[in-house]
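Asks: Shown below is the structure under consideration.
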Amino acid sequence: MTERFVHQLEIEDPGAETPAETRERLREHFPRGSLRRMTQLGLLVGRVLEPMKLQGDEAVVYASAYGESRTLEEYLASFPTPSPTLFQTSIHPSAVQQALIARQRGLRQFYPLTGGRLLGSHALQTALQIQASRTVLCGGEERGSWLLGHGVASEVSFAFAFDLSSDPARAIARIRLEPGPDAGSALSLPELFYHLRDRLALRRVIAPGLNLALEWL
Amino acid sequence: MSLSPENPPVAIDAADCRTGLGDAAATWRGLLADRCALTLLPVLGPDGGDAVPLALLAGRTMAETAPPNWLAHLDSLAAAIPSEPWGMPGFPVYVTSSNFGVGSLYAFHRSQDVSHLPHATPAAAVEVLRRRFGWGENVTIFSHACVSAHLGLIAAARALAHGTAERALVFSFDFISPFVAGGFHALKILNGGMPAPYADRPVGSIGLGDGAAFAVLRRGRGEFGLAAHSLHNEMQHFTANDPAGAGFAACLTPVLAAAAGRRVWIKGHGTGTLDSGRLEAEAFGRLQPKSPLVSWKGSLGHTLEAVRGGQTPGTTGSSGPCFGATVAIPAFANGAYDGVVLASNAFGGAHAACLLTHD
């Protein structure tokens, strides 16, 4: 059984906000020189990471199934003369890199994940197996446009970040992973996001052999 | 972040790879013979463009097919994986890649042929592999460009240390497509020149290659082990490193400390770009002046072959002068060494290194 406590949770739930609207809303959170080139997902993830006040010795786990969907669309459209800027910002895990490069904030351990219907499960499992004094788990998606019509981009934009430590004092949530039945269900990234956003408890098998208990304190 | 004392020793039970030179044994033999898998090919495949150095697996082209033409190569590699209930509890799989099936996404965009879409996202591409190879759902996916495979190895070692894994499989693959080749060409580091890792020359250049590999890990000691890992992410610039080389030193120092008492040689990243080549060679030369440094974009598979075979291939494609005195251009006998440091770099100033031991 592995147990960690959450002390800080940040949520971005922009609804149908366009990338331009997100950029305008969050402009004060980023250096002006970086803002123009940042993706919507980079802005959202950067905003939720800002209050985490990363010092560099934390481990950061990042999860996104589709990454920079909009940028990917624009990069594909730039062929046969591909854009170097769109190429580098379309690559997983660009969102976190955009945010931390803008703030010149180095980091020792960084674990970017991707996946499908078990991405939330595997992100939690990865984060809880790290033996760091503090681990930050963040994730997010940006809503696609034409890729969405073909089922290969996220339907929603969102971002979240929370920290994990073994200190129970003043914690807002407790997360416990323990062995469970071999056959089980899944926990996708949007599903994890909704439980965090609405502070919903969760106690069930989230992957084969893995049981999750998320409890709000 | 050394695995010691956080994690107990990890043994490598099996490993193999596929490169433009063949499987692990053929790749090692080819490198020893100074063969280069790179040939000058149009950067956008069937859509043309400048000729750039690319190394495709035998019989593969950049003309995207549905299903992708790289699946057969992964079938061949997967057939060499020791049989276990992979993906089931106790036997996790860690898939790592930079590109997954992004070539299929590019092909869909060009052709609007929806038959490319089932392989077009990372999750979809891995799901195809999972079903194809009969793995269960315990498949975690990491993607962090050229340091991705290191993350899979670290996660596998952690799962073994936690006791949630009896054995763990790390499976890595990347296949070139116009999407990726076009991007690096746009960044102007993939050009008409052949890469010459660590060579001090007027213009730098990289090559891109197809590659796939696996490693099976278990707790305990064996002929080959993974004794330490280290990561560092500079986050200073997307495509450049700290000009003083601080990121290289920060990543290498913990692994070299774990290698104390061993004689190690070093397989560096050595892409062929000038700045990172100089910084990497200088950092290794400063921190480990008695350890020869080579680059052949190696994978674990043919590194093990090199150790078993007693001969380390030299830095294919390079000739003097080089950025550091420790850069080994010709092949050398490695019988007196009992460790290898494997180092990789990626976008965002990402660094990863691990210590491979041979006892």
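No lab work stands behind these numbers, since they all come straight from the coordinates. What you see is a predicted model, and the numbers here were worked out from it, not measured in a lab. Positions of Cβ are backbone-derived with ideal geometry, glycine not excepted, and every protein chain shown enters the neighbour counts.
Asks: Considering the dipole of the protein assembly as shown built from charges on the beta carbon (Lys and Arg +1, Asp and Glu -1) around the Cα centre, which of A:GLY67, A:ILE206, A:SER34 is farthest to its positive end?
Replies: A:SER34
Asks: Here is a follow-up. Quick one: net charge around A:LEU54, please, counting Lys, Arg +1 and Asp, Glu -1 for every other residue with C-beta under 13 Å from its C-beta.
Replies: Value of the local net charge: 0.
Asks: Have a look at the DSSP beta bridges in the stretch B:210-359 and tell me what percent are antiparallel, nearest 5.
Replies: Roughly 75 percent of the beta bridges in the stretch B:210-359 run antiparallel, per DSSP.
Asks: If you take every residue apart from B:ALA331 with its C-beta less than 14 Å away from the C-beta of B:ALA331, what net charge results, scoring Lys and Arg +1 and Asp and Glu -1?
Replies: The answer is +1.
Asks: Which residue fluctuates most in the GNM of chain A (Cα springs below 10 Å): A:ALA207, A:ALA16, A:ALA161?
Replies: Maximum among the listed residues: A:ALA16.
Asks: Top mean-square fluctuation among B:PRO92, B:PRO330, B:PRO197, Gaussian network model of chain B, C-alpha springs under 10 Å?
Replies: Its mean-square fluctuation being the largest, the pick is B:PRO330.
Asks: Still on this model: Place +1 on the Cβ of every Lys and Arg and -1 on the Cβ of every Asp and Glu in the protein assembly as shown, take the dipole about the Cα centre, and give the residue among B:PHE284, B:LEU151, A:PRO19 whose Cα lies farthest towards its positive end.
Replies: Projecting each Cα onto the dipole axis, the largest value belongs to B:PHE284.
Asks: Hey, another quick one. Taking the Cβ of B:LEU32 as the center, what net charge do the other residues with Cβ under 13 Å away carry, scoring Lys and Arg +1 and Asp and Glu -1?
Replies: Surrounding charge for B:LEU32 is +1.
Asks: Along the charge dipole of the protein assembly as shown, which of B:PHE133, A:LEU44, B:GLY48 sits closest to the positive end, that is, farthest toward it, with unit charges on the beta carbon of Lys, Arg, Asp and Glu (+1, +1, -1, -1)?
Replies: A:LEU44
Asks: Moving on. Might you report the magnitude of the Cβ-based charge dipole of the stretch B:260-342 about its Cα centre, with Lys and Arg at +1 and Asp and Glu at -1, to the nearest 20 debye? Before the final figure, lay out the partial values.
Replies: Working: 8 positive and 5 negative charges, 34 e Å.
So the dipole magnitude of the stretch B:260-342 works out to roughly 160 debye.
Asks: Using a simple charge model, +1 on the beta-carbon of Lys and Arg, -1 on the beta-carbon of Asp and Glu, nothing else, what dipole does the protein assembly as shown show about its Cα centre, in debye to the nearest 20?
Replies: Working: 46 positive and 50 negative charges, 153 e Å.
Here the size comes out at about 740 debye.
Asks: Given H placed on each backbone N at 1.01 Å, which residues far from B:GLN311 in sequence or on other chains put an amide H within less than 5 Å of it?
Replies: Amide H neighbours of B:GLN311, under 5 Å, 5+ apart: B:ASN334.
Asks: Return the loop-located trypsin sites (Lys or Arg not before Pro) in the stretch A:1-57 (DSSP other than H, G, I, E, B) with at most 16 other Cβ atoms within 10 Å of their own Cβ; answer none if there are none.
Replies: For trypsin sites (Lys or Arg not before Pro) across the stretch A:1-57 that sit outside H, G, I, E and B with at most 16 neighbouring Cβ atoms in 10 Å, the list reads A:ARG36, A:ARG37, A:LYS53.
Asks: Moving on to the next point. Between B:ARG221, B:ARG286, B:ARG131, where does the largest GNM mean-square fluctuation fall for chain B, given springs only between Cα atoms within less than 10 Å?
Replies: B:ARG131
Asks: Under 8 Å for C-alpha pairs, at least 6 residues apart: give me the relative contact order for chain B, rounded to a whole percent.
Replies: The value is 24 percent.
Asks: Same structure, new question: When the Karplus curve 6.51 cos²θ - 1.76 cosθ + 1.60 is applied with θ = phi - 60°, which whole-Hz ³J(HN,Hα) does each residue of the stretch A:58-65 get, with x for Gly and Pro?
Replies: Result, ordered by residue: 6, 9, 10, 10, 10, 10, 7, 6 Hz.
Asks: Taking the number of other C-beta atoms within 10 Å as the exposure measure, put A:ASP163, B:ASP275 in order starting with the fewest.
Replies: Listed from fewest to most nearby Cβ atoms, that is B:ASP275, A:ASP163.
Asks: For peptide A:59-67, what's the mean number of Cβ atoms from other chains within 10 Å of each residue's Cβ?
Replies: Taking all residues of A:59-67 together, the mean is 2.
Asks: Averaged over peptide B:96-107, how many Cβ atoms belonging to another chain are found within 10 Å of each residue's Cβ?
Replies: 2
Asks: If you don't mind, there's one more thing I want to ask. State the Cα centre-to-centre distance between the stretch A:146-209 and the stretch B:268-284 in whole Å.
Replies: Taking the Cα centre of the stretch B:268-284 as reference, the centre of the stretch A:146-209 is 40 Å away.
Asks: Also: So what are the ³J(HN,Hα) numbers for the stretch B:283-295, from phi and the Karplus equation (6.51, -1.76, 1.60; θ = phi - 60°), rounded to whole Hz, Gly and Pro as x?
Replies: With the stated coefficients, the stretch B:283-295 comes to 5, 5, x, 6, 7, 9, x, 9, 9, x, 10, 10, 9 Hz.
Asks: Nothing charged except the Cβ atoms of Lys and Arg (+1) and of Asp and Glu (-1): what's the magnitude of the dipole of chain A about its Cα centre? Round to the nearest 20 debye.
Replies: Details: 23 positive and 24 negative charges, 87 e Å.
Taking the Cα centre of chain A as origin, the dipole is about 420 debye.
Asks: Expressed as a whole number of Å, what is the distance separating the alpha-carbon centroids of the stretch B:169-208 and the stretch A:59-105?
Replies: Taking the Cα centre of the stretch B:169-208 as reference, the centre of the stretch A:59-105 is 19 Å away.
Asks: At what distance in angstrom do the alpha carbon centres of the stretch B:27-52 and the stretch B:116-142 lie from each other?
Replies: That distance is 28 Å.
Asks: How much of the pair distance distribution for the stretch A:9-167 lies past 30 Å, counting alpha-carbon pairs only, in percent?
Replies: 12
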